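Colleague: Encoded as structure tokens, here's the structure I'll be asking about.
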Amino acid sequence: MVNLPITIACGNYDRTRAIRDGRVKVDGCDVTYLPLYPEEIFHRAFKFQEFDVSELSFSSYLRTIAAGTSAYIGIPAFVSRIFRHSGIYIRTDAGIRTPADLRGKRIGLPEYQITAVVWMRGMMQHEYGVAPNEIHWRNGGQEEPGRGERTPLKPIPGLDLKSLEGDQTLVGMLRKGELDALFTARAPSSFLRGEPHIARLFANTRAAEQAYYKKTKLFPIMHLIGVRRTLVERHPWLPVSLYKAFCEAKSLAMVDLRDVNALMVTLPWLEAETNETIAVMGNDFWKYGVHENLPEIEALTQYAHEQGLTERKVGVEELFAPSVFEISKV
């Protein structure tokens, strides 16, 4: 039997590396793994559907599902997830000390629809009472001018959202005082350089994020895996083969975190960090699976609808291949 050749476009994560280096096989497939940055993957996947299997922005995927235009069907391997308190940056002279101070401010973001800022806005609304329509939003390139929304965005009633013009960038506008804050997934270059005008809203992000988790039990999901629908129609066994492989690769990465013989990650106190995370979040702190992540999936679908990104709240059953909801056990 000849294996099915597939391309997988995904980040170079420890939790997927065993697929890339061949230690983990996708049953029935010969894999070409393309390790790319998420922004490039999403642009090429959503605009041109270039990949058989692709890491996908969860919020943009939600929008294509709601619109009935998705070329991919989801696999609940959540290869990117991160608490987003650390992604809120403020201008130090803008009078912002607490989340409530964001009301009425001019806030920049790379795209209104990116998953990171959907979570940030949801957190602001549900944890701090600051609604999206109380803020003046400006979207565009963070470091380079010309960035637009990756999937078409209709005007959202009651929302002040304007695109940057000409050669404007978010970093440049914040530096000039033309913005008061940034919501972004990628640390701005000005922050990394230590420029004095920029700081994080939550100075102790670790404490804020741990408190958020203890209260909500939500570990925000950013990206999932999508497989081309036309492939699934021809090869209905493919979603489970992919899901099993991603789960196995993640399991190997988790073993590496506990290996103190020769550290697999360039952190001197890796074991202590892992143990502290387990103490807060439990042994399986990076969960895959639909049922295992229902609170996060429900929260994100709710936020996307509340924020005007989808005209309806998308049902969980629409998001994933039916065969991955229940995997057989021995």
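Colleague: Scan segment 183-205 residue by residue and report those that are farther than 23 Å from Tyr37 by Cβ and small (Gly, Ala, Ser).
Modeller: Gly194, Ala199, Ala203, listed by residue number.
Colleague: Now for a different question. Restricting to segment 274-294, give me the number of residues that are part of a helix (DSSP H, G or I) and open to solvent by less than 70 Å² (accessible area, probe 1.4 Å). Walk me through it before giving the result.
Modeller: Residues of segment 274-294 part of a helix (DSSP H, G or I): 274-281, 291-294.
Keeping just the survivors that are open to solvent by less than 70 Å² (accessible area, probe 1.4 Å) gives 274-275, 277-278, 280-281, 293-294.
Total satisfying the criteria: 8.
Colleague: Working only within segment 20-41, note down all residues that are modelled with pLDDT under 95 and either buried (at least 18 other Cβ atoms within 10 Å of the Cβ) or of a type in the set (S, T, N, Q) (or both).
Modeller: Within segment 20-41, just Pro38 meets the criteria.
Colleague: Also: Mind checking which pairs have a first residue in segment 228-254 that is in contact (Cβ under 8 Å) with a residue 60 or more places away in the chain and a second that is in a helix (DSSP H, G or I) and among the basic types (Lys, Arg), Cβ under 8 Å, 6 or more apart or different chains?
Modeller: Ala249/Arg17; Ala253/Arg17
Colleague: Tell me the strands (runs of 3 or more DSSP E) entirely within segment 118-196 that contain at least 2 residues that are under 23 Å from the mean Cα position of the chain (by Cα) and touching a residue at least 40 places away in the same chain (Cβ under 8 Å).
Modeller: Details: elements: 136-139, 160-163, 181-183.
Here the list reads 181-183.
Colleague: Consider only pairs whose beta carbons are under 8 Å apart and that are at least six residues apart or on different chains; among these, list those whose first residue lies in segment 43-67 and is closer than 17 Å to Phe246 by Cα and open to solvent by 10 Å² or more (accessible area, probe 1.4 Å) and whose second residue is of a type in the set (Lys, Arg) and modelled with pLDDT of 95 or more.
Modeller: Asp52/Arg228
Colleague: In this structure, does Glu271 turn out to be surrounded by 13 or more Cβ atoms within 10 Å (Cβ to Cβ) and more than 24 Å from the chain's Cα centre (by Cα)? Give the derivation first.
Modeller: Details: surrounded by 13 or more Cβ atoms within 10 Å (Cβ to Cβ): yes; more than 24 Å from the chain's Cα centre (by Cα): yes.
Taking the combined requirement at face value, the residue satisfies it.
Colleague: Mind counting the residues in segment 224-273 that are of a type in the set (A, V, I, L, M) and assigned to a helix (DSSP H, G or I)?
Modeller: First, the residues of segment 224-273 that are of a type in the set (A, V, I, L, M): 224-225, 227, 231-232, 238, 240, 242, 245, 249, 252-255, 257, 260, 262-265, 267, 270, 272.
Okay, now just the ones that are also assigned to a helix (DSSP H, G or I), so 231-232, 238, 240, 242, 245, 249, 252-255, 257, 270, 272.
The qualifying residues number 14.
Colleague: Hey, another quick one. Would you tally the residues in segment 295-330 being of a type outside the set (Gly, Ala, Ser) and in a loop (DSSP other than H, G, I, E, B)? It would help to see each step written out before you state the result.
Modeller: Going through segment 295-330, the residues of a type outside the set (Gly, Ala, Ser) turn out to be 295-298, 300-303, 305-307, 309-314, 316-320, 322, 324-327, 329-330.
Applying the additional criterion that residues be in a loop (DSSP other than H, G, I, E, B) yields 307, 309-314, 319, 325-327, 329-330.
Total satisfying the criteria: 13.
Colleague: Please verify whether Arg121 is in contact with a Pro (Cβ under 9 Å, 6 or more places away or on another chain) and either of a type in the set (D, E, K, R) or open to solvent by 10 Å² or more (accessible area, probe 1.4 Å) (or both), treating the condition exactly as stated. I'd like the intermediate steps shown before the answer.
Modeller: On the way: in contact with a Pro (Cβ under 9 Å, 6 or more places away or on another chain): yes; either of a type in the set (D, E, K, R) or open to solvent by 10 Å² or more (accessible area, probe 1.4 Å) (or both): yes.
Against the criterion (in contact with a Pro (Cβ under 9 Å, 6 or more places away or on another chain) and either of a type in the set (D, E, K, R) or open to solvent by 10 Å² or more (accessible area, probe 1.4 Å) (or both)), Arg121 qualifies.
Colleague: Assuming Leu174 fulfils every condition listed in (1) open to solvent by less than 20 Å² (accessible area, probe 1.4 Å); (2) modelled with pLDDT under 95 apart from one, which condition is it?
Modeller: Result: Leu174 fails condition (2) only.
The values are calculated or read from the model by the stated rules, or taken from the named source; none is laboratory data. All of these numbers come straight from a predicted model, not from anything done at the bench. Backbone-built Cβ (ideal geometry, glycine too); neighbour counts: all protein chains shown. When the accessible area is computed, the model is the full protein with side chains, heavy atoms only, and any ligands, DNA or RNA have been set aside. Shrake-Rupley method; radii C 1.70, N 1.55, O 1.52, S 1.80 Å.
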